[in-house]
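A.B. asks: Starting off with a structure, shown below.
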Amino acid sequence: MDITFSAEELAFRDQVRAFLSENWTDNLATRIRGDNQEFKAAQIEWQNKLNDQGWLAPGWPVEHGGADWSVTENFIFETERSLAGAPDVVPFGLKMVAPVIYGFGSEEQKKRFLPRILKNEDWWCQGYSEPGAGSDLAALKTKAELDGDDYIVNGAKVWTTYAQYSDWIFCLVRTDSSGKRQDGITFLLIDMKSPGITVNKISSIDDHHSLNEVVFDNVRVPVANRIGEQDKGWTYAKALLAHERTSIAAVADSKRRLRDLRKLLAQEVSGGRPLSEDTQFQNRLSNTEIELMALEYTELRVLASTADGKGPGVESSLLKIKGTEIQQAIQQMYMDLAGYYSGVIHGEENAETIGHAFGHDARKAYMYGRAATIYGGSNEVQKNITAKYVLGL
Amino acid sequence: MDITFSAEELAFRDQVRAFLSENWTDNLATRIRGDNQEFKAAQIEWQNKLNDQGWLAPGWPVEHGGADWSVTENFIFETERSLAGAPDVVPFGLKMVAPVIYGFGSEEQKKRFLPRILKNEDWWCQGYSEPGAGSDLAALKTKAELDGDDYIVNGAKVWTTYAQYSDWIFCLVRTDSSGKRQDGITFLLIDMKSPGITVNKISSIDDHHSLNEVVFDNVRVPVANRIGEQDKGWTYAKALLAHERTSIAAVADSKRRLRDLRKLLAQEVSGGRPLSEDTQFQNRLSNTEIELMALEYTELRVLASTADGKGPGVESSLLKIKGTEIQQAIQQMYMDLAGYYSGVIHGEENAETIGHAFGHDARKAYMYGRAATIYGGSNEVQKNITAKYVLGL
Amino acid sequence: MNFNLSEEQNMLKYSVTRFVQDQYDFESRRANAASELGFNPKNWQTFADLGWLSIPFDEAHGGFGGGATDVMAVMEEMGKGLVVEPFIATVLMFGGLLNKSGNAALQEANIEKIIDGSLQGGFAYLERQSRFELADVKTQAKRDGNEFVLNGEKTVVSNGAAANKVVVSARTSGEQCDEAGITLFLIDTDAPGVERTTYRLMDGQVVANIKLTDVRVAADHVLGDVDQGYPLIEAIVSDVIIALGAEALGIMQKLTTTTIEYTKTRQQFGVAISSFQALQHRMVDMFMAGEQAKSMLYRAVCAAESGAEDLAKNIAALKVMIGRNGKLIGDEAIQLHGGMGLTDELDVGHYVKRLMMINTTFGDADFQQKKFNKLSYSD
Amino acid sequence: MNFNLSEEQNMLKYSVTRFVQDQYDFESRRANAASELGFNPKNWQTFADLGWLSIPFDEAHGGFGGGATDVMAVMEEMGKGLVVEPFIATVLMFGGLLNKSGNAALQEANIEKIIDGSLQGGFAYLERQSRFELADVKTQAKRDGNEFVLNGEKTVVSNGAAANKVVVSARTSGEQCDEAGITLFLIDTDAPGVERTTYRLMDGQVVANIKLTDVRVAADHVLGDVDQGYPLIEAIVSDVIIALGAEALGIMQKLTTTTIEYTKTRQQFGVAISSFQALQHRMVDMFMAGEQAKSMLYRAVCAAESGAEDLAKNIAALKVMIGRNGKLIGDEAIQLHGGMGLTDELDVGHYVKRLMMINTTFGDADFQQKKFNKLSYSD
């Protein structure tokens, strides 16, 4: 049992901290958290800084631009980044399609796509879910039919985050319906500028535009844009799911939010006394903090197991369930702290005129956060997975 | 909307209170809560007092000794009885087999059994559950085969409360296995002194002897002791289940226990301060009290619906689930209030020498109370029933 | 003992049900909420025509003379329809305060106009710092001859954009959080020195912050007695919590029904998700939470109608229960709807948002539980 | 970064596993618990022979020099076996106090005997009124020349029936609940003026109340400094909470496994109840509760091994988590076993009872959460 950092690891941590304090500026933070227009430019600016440092895609193979970090170094980086309040990279290109491309793509695909992802020249989005399919990914119906050197794609994908910004979409499409549902699925890379693609905005309860429906109407996709073999797409896609679950847990991010919440608790007042003296709030805070302290070590256990070459394993479901429950508990406290102001929508007014610093933000965070227990395989599906594969039920 | 009592109802309440204050003595209370030997004699003494007053079997038809109470009068009696800490009657004869006898039995059976039940001359127990069957009552396997004027009964019943005290047992037995599981079940009244019956004590986690296994080895039961028709027993038995669920809720009893708990809270001390000042305990107490305040009205709603002739309906499952959850929450607080002493077993010592007034009782109540969410159809089965019959799922 | 409505109450309830069915489909509701005032003035006139605006007022003032049961009957149906028109702000809060104020001249001058739909009102009791403490009042009212001069700011005033008049709580004596020394004033929102900033809440309401700069109010525009406004506030809050409880109940029932129906149609892994036992048990939990809230509402209504001694305890318990059970039901409704529950297009999110705002109004579940504890365990 | 045990620690752990497998089936355990002292002295000698009794002691005293990790490795397996022998009372509490006392003469005289199995000990820190407050001490110790004279009563002393010697906390100065002014004394249980009343707890322990009437203790039998006993108590409580955490983890794992296995064999409505999704999800909750407790235990062990600044906070968090998660797992284990879970015959109820007693030891989850809050939010 040893979780102390070595001298080298401590030096690395200092390096990360120095980088963050220099590069993660208030200006960037404001713009990234701002409205939709500002967001993309600011996010790219931030990701370019990471790339300049060689830290944009640390998990990639070194020959493609990866950093060859140990599990511990990766943990240190993610922790420091989160505690500094800096956002994760937009994962669809860097963390989701890239591993599929360098893992299963052709040499030509690697050369064509990976450098543009690394330079933030291409933005990607993910075409997995379909209307009516939800967590049951394999039920997908979007069809691709071979026509010469092209596939003709028809169907629709839904809940597609950032489709409105994206240059490319990676899609699971059905090329054969005769066998098991997991068979006959093909993994395609599709240019979003292809004729026949329509992006429809989905308005969501947080009043923020991140979700979309992407409709394919006789869209031609060159066979050259297919990953690996036809009908074998499920194999390539599946590898990503465990990773997604682990990253949705967002342990370090929750630590920062809990720290911020504690500060607010000391500032908000009821009957002339700070709410930090309120025993009910203290208990709610510590209920969550204690779960999070444990989950931090659950994550470390998963990382240690990965470092031992055993892989993240099925415990990633536990991380996802508990991690998202903690996120939502924090968002709920954030709301409750705002009291009457938790319903406020700024509109043309702002925090100053309305009279409360964070009610508007609390509401947005809360509403956006409802998705966490639903996407990436709903928490109910995670429990089914755990029951079956971990408990043998 | 009107829940105020009429002048007649208020007068009745005063009469009940007067009866209780005169007849429910400390001496009786001590003996009934005491060890197994004392219990039966004291319980009979108490039930005889009720019978002298005409209140032992208020729900029976008047011609058999019932009291013809309105739903409200019944509610008043049960509430006052519980608040006074007086026990319910032992239900197996008075509330369970009697309604079957006067509802479906022959005139001869009515004359033979009902008066002896009313005079507390016969104690009954219930033979429904079987080893391996649990909440799935219809899975019963105890067999009865006709042989002349007798059935020959073979099999075993389990979780039989007070079998060790009982003169008679009412049993569901299988007389036909060819059709649906609910068919082919017959309702028999069996003399516990019949040759071939063995009662085996089941030691339980509360160290109290209430549960037994009753084994039938070629037990002869006269056909005259069959209720109604052969193979139709399920119909007679089913009518009792909703009643059982409603009475397990024990709302008024929980009110009294919560009141007692509050007194103890003011007496127990931590760091020199009474625990009634402890906000965590206050919150736990009010969480339960608020649920109970609501459940009291849920029960009234069910009673009002019964009075309207609509019957208790499927809400009885809700009453059973919430009522038993509240009971267990109260038992848990009782334990936690006792702290270190919650594990104490008196043995040869007593509260005075051991140094704590109620640790021993808290433990027994807690352990005994674990059964409430399991028997009478487990709470899981109640949820299945509600999902199917109330929500249409 | 019965929990039945009278024939008259049933008719009243049914008139709301029919209005919601006929004139309040979800798209109309969306348009009403999105309009400038946050509601549709035409609907308001319909409310007047149907007699709803007269419910709590004495027959002497042309009212219906209704009690807690009548309010419950109406509000439960409004909850089901997610009605945004300011029935609570104008009729129950503003009108209710007038009704209880004992100020005959003000009643004479205003109640009739509330009933005919021509007067919109509000109650300005919050301030930036006050959180849920109704007695935390910094706004000052200084006596000057036959007038009072008011200075301060009230925030998040319900119906603040539309209100022609509001009742304002201000301090005439005592320290910032004292219950004594609070006085209620009736002011015109277009009086000199009154400045409104309006904004929206997530449930569709348009509210206002109201800045008061040397606003002069005649002494006969005091509701109740000077320095004695707090008991009046408490009394009206008690009434309104019953109304909010009934509205919340309507919403909870609607969310539960909607969720059950959705799971029956929604297919995953080849079957309707309503067939999954884990989800069934959670829907049973939703159902039980709603039934318990209904029982608590009935309890509070009976206590209010009979003037029970422990009314305050029942009111606090009701507010705790609609807060907690509302959260359980809202969370499950969104979760069991999956991605669809996150869309603005579906009504589920809107019902949940209203439930959340009901929870914060007059103190959330935690706050009200503290109140309950104080009433119950401080002897 | 790794969470692996060393080879030596693995061997230690395995030796306990094997002992439990070979010599500690449930019927033996039942007999051990039911015996006069509440454990089997023969097993104690086995523990000595296997070297377990030497684990926490310095090598200078013939000990193994083990740390928190070693204790964890042993206690987790003892938890799985529901071992009743007083390893915590004699070795970790009594021995641990000696170890930390700095009193070389007492160490010399006693530690060797603990290690060879000939000395049983206990720690008498509770009193009738003290509940979970370790500083609530009324027992008086008055100096009289080279001796102290003790009067008072200590209650629920673990291993109280078997202990040859106990460490007693008594007040040498200060008020009843002051942390300062508490002194620790080593006394013989057969010393004049010592009177024991023994009784059983539901987990099988035989404990004692110890009445002290003018008991004379030599001044060189003080552990640590006069008036300064409290920090020593806190230090040992911290160590023991880790041991209790590991024991609880072993029990939680055992209960979860047992429940899963039972549901696979138990048929209802024609199928194994393990196939019911609602029960599956609840077993996943049990599993997750156990895994989180394991992570918190690892966290506390790492903090203890590295002497982390926030050790106290980790210890409080661990105690909260084993209390709460233990309750969840215990409740579900009984419920999912149905009627069988209520029988004394099955081991389930016995594991649950031990978990409950672990929860109360040194303050239950609620109490420890208050401690956590104070450490975390009082700045």
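A.B. asks: Inspect region A:301-310 for any residue being open to solvent by 30 Å² or more (accessible area, probe 1.4 Å), away from every other protein chain (no Cβ under 11 Å) and under 25 Å from the mean Cα position of the chain (by Cα) and give the result as yes or no.
C.D. replies: yes
A.B. asks: Taking B:Trp69 as the residue in question, decide whether it is part of a loop (DSSP other than H, G, I, E, B) and surrounded by fewer than 19 Cβ atoms within 10 Å (Cβ to Cβ).
C.D. replies: Details: part of a loop (DSSP other than H, G, I, E, B): yes; surrounded by fewer than 19 Cβ atoms within 10 Å (Cβ to Cβ): yes.
In short, yes.
A.B. asks: With the checklist (1) open to solvent by 10 Å² or more (accessible area, probe 1.4 Å); (2) of a type in the set (Gly, Ala, Ser); (3) at the interface with another protein chain (Cβ under 7 Å from one of its Cβ atoms) in hand, flag the one item D:Ser295 doesn't pass.
C.D. replies: With (1) open to solvent by 10 Å² or more (accessible area, probe 1.4 Å); (2) of a type in the set (Gly, Ala, Ser); (3) at the interface with another protein chain (Cβ under 7 Å from one of its Cβ atoms) applied to D:Ser295, the lone miss is (1).
A.B. asks: Suppose we filter D:Glu76, D:Glu7 for residues that are loosely packed, with under 13 Cβ neighbours inside 10 Å and closer than 27 Å to A:Leu300 by Cα; which single one remains? Give the derivation first.
C.D. replies: Working: D:Glu76 fails: loosely packed, with under 13 Cβ neighbours inside 10 Å.
The unique qualifying residue is D:Glu7.
A.B. asks: The conditions are (1) part of a helix (DSSP H, G or I); (2) open to solvent by less than 30 Å² (accessible area, probe 1.4 Å); (3) closer than 26 Å to A:Ala163 by Cβ, and A:Phe19 fails exactly one of them. Which is it?
C.D. replies: Evaluating A:Phe19 over (1) part of a helix (DSSP H, G or I); (2) open to solvent by less than 30 Å² (accessible area, probe 1.4 Å); (3) closer than 26 Å to A:Ala163 by Cβ leaves (3) as the failure.
A.B. asks: Can you tell me how many residues in region B:25-39 are surrounded by fewer than 18 Cβ atoms within 10 Å (Cβ to Cβ) and either touching a residue at least 40 places away in the same chain (Cβ under 8 Å) or not in a helix (DSSP H, G or I) (or both)?
C.D. replies: Of the residues in that region, 6 qualify.
A.B. asks: Just checking, which of C:Val91, C:Val71, C:Val20 is within 26 Å of C:Thr183 (Cα to Cα) and either open to solvent by 20 Å² or more (accessible area, probe 1.4 Å) or not in a loop (DSSP other than H, G, I, E, B) (or both)? Working first, answer last.
C.D. replies: Details: C:Val71 fails: within 26 Å of C:Thr183 (Cα to Cα); C:Val20 fails: within 26 Å of C:Thr183 (Cα to Cα).
Step by step, each of C:Val91, C:Val71, C:Val20 is checked, and only C:Val91 is within 26 Å of C:Thr183 (Cα to Cα) and either open to solvent by 20 Å² or more (accessible area, probe 1.4 Å) or not in a loop (DSSP other than H, G, I, E, B) (or both).
A.B. asks: Return only the number of the condition from (1) surrounded by 22 or more Cβ atoms within 10 Å (Cβ to Cβ); (2) under 30 Å from C:Leu201 (Cβ atoms) that A:Thr161 does not satisfy.
C.D. replies: In the conditions (1) surrounded by 22 or more Cβ atoms within 10 Å (Cβ to Cβ); (2) under 30 Å from C:Leu201 (Cβ atoms), A:Thr161 misses (1) alone.
A.B. asks: Checking the conditions here, which among C:Leu336, C:Leu342 is touching a Ser or Thr at 6+ places or on another chain (Cβ under 7 Å), farther than 26 Å from C:Asp239 by Cβ and at pLDDT below 95? Outline the logic, then answer.
C.D. replies: Values: C:Leu336 fails: at pLDDT below 95.
Checking each option against the conditions leaves just C:Leu342.
A.B. asks: Another question about this same structure. Six or more apart or on different chains, Cβ atoms under 6 Å: show the pairs whose first residue is in region A:125-142 and facing chain C (nearest Cβ under 10 Å) and whose second is open to solvent by less than 10 Å² (accessible area, probe 1.4 Å).
C.D. replies: A:Ala133/A:Leu140; A:Ala139/A:Ala133
A.B. asks: Which of the residues belonging to region D:306-326 are over 25 Å from D:Thr360 (Cα atoms) and either surrounded by 24 or more Cβ atoms within 10 Å (Cβ to Cβ) or more than 7 Å from every other protein chain (Cβ to nearest Cβ) (or both)? Steps first, answer last, please.
C.D. replies: As a first pass, look at region D:306-326 and keep what is over 25 Å from D:Thr360 (Cα atoms): D:306-309.
Across region D:306-326, the qualifying residues are D:Gly307, D:Ala308, D:Glu309.
A.B. asks: Of everything in region C:335-355, what is free of Cβ contacts under 8 Å to residues at least 24 places away in the same chain, open to solvent by 10 Å² or more (accessible area, probe 1.4 Å) and not charged (D, E, K, R)? Give them in sequence order. I'd like the intermediate steps shown before the answer.
C.D. replies: Narrowing region C:335-355 to residues free of Cβ contacts under 8 Å to residues at least 24 places away in the same chain: C:335, C:339, C:341-346, C:349.
Narrowing further to those that are open to solvent by 10 Å² or more (accessible area, probe 1.4 Å): C:335, C:339, C:342, C:344-346.
The answer is C:Gln335, C:Gly339, C:Leu342, C:Leu346.
A.B. asks: When the residues of region B:342-371 are filtered to those that are facing another protein chain (nearest Cβ under 7 Å) and hydroxyl-bearing (Ser, Thr, Tyr), which remaining residue is nearest to D:Asn359 (Cα to Cα)?
C.D. replies: B:Ser342
A.B. asks: Follow-up question, since we're still on this one. Looking only at strands (runs of 3 or more DSSP E) that fall completely inside region C:164-251, which ones have 3 or more residues that are of a type in the set (A, V, I, L, M)?
C.D. replies: C:165-171, C:182-188, C:206-218
A.B. asks: If you don't mind, there's one more thing I want to ask. On the basis of being within 11 Å of another protein chain (Cβ to nearest Cβ), buried (at least 23 other Cβ atoms within 10 Å of the Cβ) and in a helix (DSSP H, G or I), does D:Leu255 make the cut? Quick ask: steps written out before the conclusion?
C.D. replies: Values: within 11 Å of another protein chain (Cβ to nearest Cβ): no; buried (at least 23 other Cβ atoms within 10 Å of the Cβ): yes; in a helix (DSSP H, G or I): yes.
For D:Leu255, the condition - within 11 Å of another protein chain (Cβ to nearest Cβ), buried (at least 23 other Cβ atoms within 10 Å of the Cβ) and in a helix (DSSP H, G or I) - is not met.
A.B. asks: For residues that are closer than 24 Å to D:Ala293 by Cβ and open to solvent by 10 Å² or more (accessible area, probe 1.4 Å), tally how many sit in region A:333-371.
C.D. replies: Counting residues in region A:333-371 that are closer than 24 Å to D:Ala293 by Cβ and open to solvent by 10 Å² or more (accessible area, probe 1.4 Å) gives 0.
A.B. asks: Go through region D:226-248 and give me each residue that's out of contact with any helix residue (DSSP H, G or I) (no Cβ under 7 Å at 6 or more places or on another chain) and in contact (Cβ under 8 Å) with a residue 40 or more places away in the chain. Steps first, answer last, please.
C.D. replies: Initially, region D:226-248 is screened for residues out of contact with any helix residue (DSSP H, G or I) (no Cβ under 7 Å at 6 or more places or on another chain), giving D:226-231, D:233-234, D:237.
Result: D:Val226, D:Asp227, D:Gln228, D:Gly229, D:Tyr230, D:Ile233, D:Glu234, D:Val237.
A.B. asks: Please indicate, with yes or no, whether at least one residue in region B:257-266 is outside any helix (DSSP H, G or I), of a type outside the set (Val, Ile, Thr) and buried (at least 20 other Cβ atoms within 10 Å of the Cβ).
C.D. replies: Start the filter on region B:257-266 by keeping residues that are outside any helix (DSSP H, G or I), which leaves none.
No, the conditions are met nowhere in region B:257-266.
Yes/no matrix, rows are residues, columns are (1) open to solvent by less than 40 Å² (accessible area, probe 1.4 Å); (2) modelled with pLDDT of 95 or more; (3) more than 21 Å from D:Thr361 (Cβ to Cβ):
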{"position": "D:Gly51", "(1), (2), (3)": "yes, yes, yes"}
{"position": "D:Pro86", "(1), (2), (3)": "yes, yes, no"}
{"position": "D:Gly96", "(1), (2), (3)": "yes, yes, no"}
{"position": "D:Gly102", "(1), (2), (3)": "no, no, yes"}
{"position": "D:Leu106", "(1), (2), (3)": "yes, yes, yes"}
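A.B. asks: Need pairs with beta-carbon distance below 7 Å; first residue open to solvent by 50 Å² or more (accessible area, probe 1.4 Å) and within region A:186-205, second hydroxyl-bearing (Ser, Thr, Tyr); sequence gap 6+ or separate chains.
C.D. replies: Pairs found: A:Ser203/C:Thr343.
A.B. asks: From the list D:Leu355, D:Leu342, exactly one residue is aliphatic (A, V, I, L, M), on the phi < 0 side of the Ramachandran plot and more than 10 Å from chain B (Cβ to nearest Cβ). Which is it?
C.D. replies: Details: D:Leu342 fails: more than 10 Å from chain B (Cβ to nearest Cβ).
That would be D:Leu355, the only listed residue that is aliphatic (A, V, I, L, M), on the phi < 0 side of the Ramachandran plot and more than 10 Å from chain B (Cβ to nearest Cβ).
A.B. asks: Here's another thing I want to ask about it. I'm told A:Ser106 meets every condition in (1) hydroxyl-bearing (Ser, Thr, Tyr); (2) open to solvent by less than 20 Å² (accessible area, probe 1.4 Å); (3) more than 14 Å from every other protein chain (Cβ to nearest Cβ) except one. Can you identify the failing condition by its number?
C.D. replies: (2)
A.B. asks: Let me ask you something else. Right, C:Ala31: within 20 Å of the chain's Cα centre (by Cα) and among the small types (Gly, Ala, Ser) or not?
C.D. replies: Values: within 20 Å of the chain's Cα centre (by Cα): no; among the small types (Gly, Ala, Ser): yes.
For C:Ala31, the condition - within 20 Å of the chain's Cα centre (by Cα) and among the small types (Gly, Ala, Ser) - is not met.
A.B. asks: State the number of residues belonging to region D:1-57 that are in contact with a Gly (Cβ under 9 Å, 6 or more places away or on another chain), closer than 24 Å to D:Tyr351 by Cβ and within 14 Å of chain A (Cβ to nearest Cβ).
C.D. replies: Of the residues in region D:1-57, 1 are in contact with a Gly (Cβ under 9 Å, 6 or more places away or on another chain), closer than 24 Å to D:Tyr351 by Cβ and within 14 Å of chain A (Cβ to nearest Cβ).
A.B. asks: Within region D:181-194, does at least one residue satisfy the condition of being touching a helix residue (DSSP H, G or I) at 6+ places or on another chain (Cβ under 9 Å) and open to solvent by 20 Å² or more (accessible area, probe 1.4 Å)?
C.D. replies: Just the residues of region D:181-194 that are touching a helix residue (DSSP H, G or I) at 6+ places or on another chain (Cβ under 9 Å), to begin with: D:181-187.
Filter once more, keeping what is open to solvent by 20 Å² or more (accessible area, probe 1.4 Å): none.
Taking every residue of region D:181-194 in turn, none turns out to be touching a helix residue (DSSP H, G or I) at 6+ places or on another chain (Cβ under 9 Å) and open to solvent by 20 Å² or more (accessible area, probe 1.4 Å).
A.B. asks: Looking at the structure I just gave you, is D:Phe148 closer than 24 Å to D:Gln368 by Cα and touching a residue at least 60 places away in the same chain (Cβ under 8 Å)? Please lay out each step first, then the result.
C.D. replies: Numbers: closer than 24 Å to D:Gln368 by Cα: no; touching a residue at least 60 places away in the same chain (Cβ under 8 Å): yes.
Here the answer is no, as D:Phe148 does not meet what is asked.
A.B. asks: Which condition from (1) over 25 Å from the mean Cα position of the chain (by Cα); (2) more than 9 Å from every other protein chain (Cβ to nearest Cβ) is the one that B:Gln280 breaks?
C.D. replies: (2)
A.B. asks: In region D:358-369, how many are over 16 Å from D:Leu82 (Cβ atoms), more than 7 Å from chain B (Cβ to nearest Cβ) and not aromatic (Phe, Trp, Tyr)? Step through it out loud before you land on a result.
C.D. replies: First pass over region D:358-369, keeping only residues over 16 Å from D:Leu82 (Cβ atoms): D:360, D:362-369.
With the extra rule that they be more than 7 Å from chain B (Cβ to nearest Cβ), the set shrinks to D:362-363, D:365, D:367-369.
Add one more test, that the residue is not aromatic (Phe, Trp, Tyr), and what stays is D:363, D:365, D:368-369.
Residues that pass the stated criteria total 4.
The values are calculated or read from the model by the stated rules, or taken from the named source; none is laboratory data. Since we're looking at a predicted model, the values are computed, not measured. Neighbour counts are summed over all protein chains in view; Cβ atoms, including those assigned to glycine, are modelled from backbone coordinates with ideal geometry. Note: areas computed on protein heavy atoms with side chains; ligands, DNA, RNA excluded. Shrake-Rupley method; radii C 1.70, N 1.55, O 1.52, S 1.80 Å.
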